Amino acid sequence: MIISLCDDPDAVADLAAQRVADLLHEQPRTVLGLPTGRTPVLLYDRLADAHAADGLDFAQVTTFNLDEFVGIGDLHPGSYRAYMRRYLFDRVNLPAGRGVVLDGLAPDPEAECHRFEALIDAAGGMDLQILGLGANGHIGFNEPGDSLQAATHVMTLLAPSREANAFFFDDDVSQVPAQAMTMGMGTILKARRLLLLVTGARKARTIAAAVRGPVTTLLPASFLQLHTEVEIICDSEAAAGLR
Ligand code: GLP
């Protein structure tokens, strides 16, 4: 596990964008796994800028998003599909249909999870999975609990996760859907490389426990200890417990 320490969220985004750009230059047909949340917004800004200024090329890239809310579609501004269009897909030359997001309006969410998992397998799996960290230790929407699931599945969200996502729903937690679909921990750990971005003091205890503590379903991020190619990029506030 490599831990890269940066001064602030801007520097985290710069380094993460550099990692992505290096990979796309080396391997234009890359399969990326992508997160949502507030943390990666600066990264997507950097990638859009690199596309506009330096021609960073997404023409042969395929992306899979970690998760999506059940019951809302791309017309809803709080959906992760809308988020991805806003922050990345509409700003780079990723071909239509190659930015794969679970369909929150699928009539059978379980079947949608199977379809999504099969698409990842058909693409050859993720070369690089970028991740954010929930303050409660979730990865994607794999919530802390007595067990974790390996494959993409439907998850009932815990209150802290709904509260953390209210930001995208007019700060009104009652509008945040109760369920989401998420890649499973097995899906995530099958990626060839993992890149976890962590910023802000409110994540400091969680990341310290995930890196230094036991591997436990009570802290899904601790499972990243089991992967051999992980880089965690932290800003100084998040890294406070790691020094
Ligand atoms: C959300 C997403 C996660 C994300 C996390 C952190 O709930 N499902 O994939 O990594 O929470 O979000 P933020 O970056 O806003 O702290």
note = Taking the range 8-21 and the residues there that are within 27 Å of PHE116 (Cα to Cα) and of a type outside the set (Val, Ile, Thr), the one that is most open to solvent (accessible area, probe 1.4 Å) would be ARG19
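So, of the residues in the range 22-47 that are closer than 26 Å to GLU117 by Cβ and surrounded by fewer than 18 Cβ atoms within 10 Å (Cβ to Cβ), which turns out to be nearest to the chain's Cα centre (by Cα)? Steps first, please.
Let us first name the residues in the range 22-47 that are closer than 26 Å to GLU117 by Cβ, namely 23-24, 27-37, 39-40, 43-44, 47.
In the following step, the residues that additionally are surrounded by fewer than 18 Cβ atoms within 10 Å (Cβ to Cβ) were identified as 23, 27-29.
Working: LEU23: 17, GLN27: 21, PRO28: 21, ARG29: 20 Å.
My answer is LEU23.
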key: Members of the range 101-126 that are surrounded by fewer than 19 Cβ atoms within 10 Å (Cβ to Cβ) and either within 14 Å of LEU32 (Cβ to Cβ) or touching a Pro at 6+ places or on another chain (Cβ under 9 Å) (or both)   = ASP103, LEU119, ALA123, GLY124, GLY125
task = Select, from ALA208, ALA221, ALA180, the only residue that is farther than 28 Å from VAL31 by Cα and modelled with pLDDT of 95 or more.
result = ALA208
remark   = Exactly one of SER236, SER222 is surrounded by fewer than 20 Cβ atoms within 10 Å (Cβ to Cβ), of a type in the set (Ser, Thr, Tyr) and in contact with a strand residue (DSSP E or B) (Cβ under 9 Å, 6 or more places away or on another chain), and that residue is SER236
key: Set ARG91, ARG115: member being among the basic types (Lys, Arg) and in contact (Cβ under 8 Å) with a residue 12 or more places away in the chain   = ARG91
Check on LEU5, touching a Ser or Thr at 6+ places or on another chain (Cβ under 8 Å), open to solvent by 60 Å² or more (accessible area, probe 1.4 Å), hydrophobic (A, V, I, L, M, F, W, C) and away from the ligand (no atom under 16 Å from the Cβ) = yes
Residue within the range 63-76 that is at pLDDT below 95, more than 16 Å from the ligand (Cβ to nearest atom) and aliphatic (A, V, I, L, M) present = yes
query = Based on what the data block shows, is ALA178 more than 29 Å from PRO77 (Cβ to Cβ), surrounded by fewer than 20 Cβ atoms within 10 Å (Cβ to Cβ) and not polar (S, T, N, Q)?
reply = no
key: Tally of residues being charged (D, E, K, R) and within 16 Å of the ligand (Cβ to nearest atom) across the range 9-59   = 4
ask   = Just one of VAL230, VAL173, VAL154 is of a type in the set (Val, Ile, Thr) and either within 12 Å of the ligand (Cβ to nearest atom) or open to solvent by 40 Å² or more (accessible area, probe 1.4 Å) (or both); which is it?
value = VAL173
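The values are calculated or read from the model by the stated rules, or taken from the named source; none is laboratory data. All values derive from a computational prediction rather than experimental measurement. Positions of Cβ are generated from backbone atoms using ideal geometry, with glycine treated the same way; all protein chains shown enter the neighbour counts. Just so you know, the surface numbers come from the protein's heavy atoms only, side chains and all, with ligands and any DNA or RNA stripped out. Shrake-Rupley method; radii C 1.70, N 1.55, O 1.52, S 1.80 Å.
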